[in-house]
Amino acid sequence: MMDYAASMKKYITVLQHEGGSDLHFSTEAHPTIRVAGALSPMLKEPLLTPEDTLGFLKSIARPEHMDEFMATKELDFAFQIEDGTRFRCNAYFQRGSCGIAMRLIPKQIRTLEELNQPEILTSFARKSQGFFLAVGPVGQGKTTTLAALLELINTERMDHIVTIEDPIEYIYEPKQSLIEQREVGIDTKDFATALHSAFREDVDVILVGEMRGPETMAAAVTAAETGHLVFSTLHTNNAAQTIDRIIDTFPANQQDQIRIQLAASLMGVFSQRLIPRVSGGMIPAFELLINTKAVANLIREKRTHELNTVIETGSTEGMIDMNRSLAELVSKGEITVESAYQYSLNPNVLQKLL
């Protein structure tokens, strides 16, 4: 019989050694890691049985987690190994047996410079109030970018920072700031409840792990309006879609109100994609919408479809267009032309820039 804890340790070591980002366990498949965006099965390891995948889950999840998993068939939790390395884990059922996806969370919180992010992002961390969103599909580095912004505040200012996460990912060590991290399901009932109670906790900066539902969104926007600096993430493709998604989450009779609030409190929307680098690893391409007076007017007047044009022509105001970002990476030899086309949302425009 397999020693699941020892095997898990071995697979994590392989993942770290290969510079991988994710570890997968699925029935009738080899344990598999993701390196530089591509899946790579460990072919020398045995194919996993349903007993194996459940055994691996039991080796990393607490007993109460297992009870929840059996009851709901889904589980999100964090797992930490002896050296302090953490994983964000998701367990699920597929064809009646257990599957596990584990995302490696680097121990070191890297700076924006180390992450190859644009210098202008530091300006959002240095504001005293407002709402800033990092958006993009799953696994594109949103959490890592926001962690770099929070760490910048932590090193520069004596602020009270509260994070609301599900589960807690990066662990912050207080430097100048007082930092408290709340995990949904353990420290608080849900995102909205934790946000409402933050108003009474003398908080300066709030990180909301994910915008879920109108209640959370309304509370986050209100927090930004009432003198807090609020950071969060959304699974949207670009800035224009992000604004629409937030507004569409609300019932029709509340949409005008949230539109006005958003136009007033939003600082910026940062969308990013991690692209395989020619020299190995990943490098980000990005889009940045900054809430200028013109942008605020477009949001208020229901003209969000014009935002893409504003971004394309707004470089003098610090805005960054995704196609320009991709074209720049191609011209520097960082990514291939094929990769640029693959990640572009508007390939016709990209063609003119290459």
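Tabulated values for the structure
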read-out	value
Lys, Arg +1 and Asp, Glu -1 on Cβ, resulting dipole of the chain about Cα centre, debye, nearest 20	620 debye
Cα pair distances of the stretch 9-73 binned at 10 Å [whole percent]	20, 46, 29, 5
Estimated inter-spin distance, Gln181 and Thr193, nm [label 7 Å along Cα→Cβ]	2.1 nm
Compactness relative to 2.2 N^0.38 Å, alpha carbon Rg of the stretch 38-174	1.28
Residue among Leu234, Gly185, Tyr341 farthest towards the positive dipole end of the chain, charges placed on Cβ	Tyr341
Top of Pro214, Pro46, Pro118 by mean-square fluctuation, Gaussian network on the chain, Cα under 10 Å	Pro46
Potential extension, Thr309-Ser123 segment - 0.36 nm per residue separation minus Cα distance	64.7 nm
Cβ-derived FRET efficiency at R0 41 Å, His235 paired with Met1, nearest 0.05	0.55
Where only alpha carbons of the chain are counted, the Rg and the Dmax (Å)	21.1, 65
Only Lys, Arg (+1) and Asp, Glu (-1) charged, at Cβ; the stretch 203-336 dipole about Cα centre in debye	160 debye
Segment Ala36-Lys9, extension gain: residue separation times 0.36 nm, minus the distance between their alpha carbons	7.6 nm
Label-point gap, in nm, between Glu51 and Glu328 - each point 7 angstrom along Cα→Cβ	5.6 nm
Entries in Lys58/Lys107; Lys189/Lys302; Lys9/Lys73 that, when Cα-Cα distance is taken, lie over 32 Å	Lys189/Lys302
Electrostatic dipole magnitude of the stretch 1-151 [Cβ: Lys, Arg +1; Asp, Glu -1; Cα centre; debye, to 20]	300 debye
Kirkwood Rh (inverse of mean 1/r, distinct Cα pairs), the stretch 166-258, angstrom	14.3 Å
Separation of the Asp76 and Gln94 label points, Cα + 7 Å toward Cβ, nm	1.9 nm
Net lengthening on full extension, Glu64/Asn297 (0.36 nm per residue, minus Cα-Cα)	78.9 nm
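Laboratory data are not the source of any read-out in this text; all were calculated from the coordinates shown. Note that the structure is a prediction, hence the values are computed from the model and not measured. Here the Cβ is made from the backbone with ideal geometry for all residues, glycine too, and neighbour counts use every protein chain on show.
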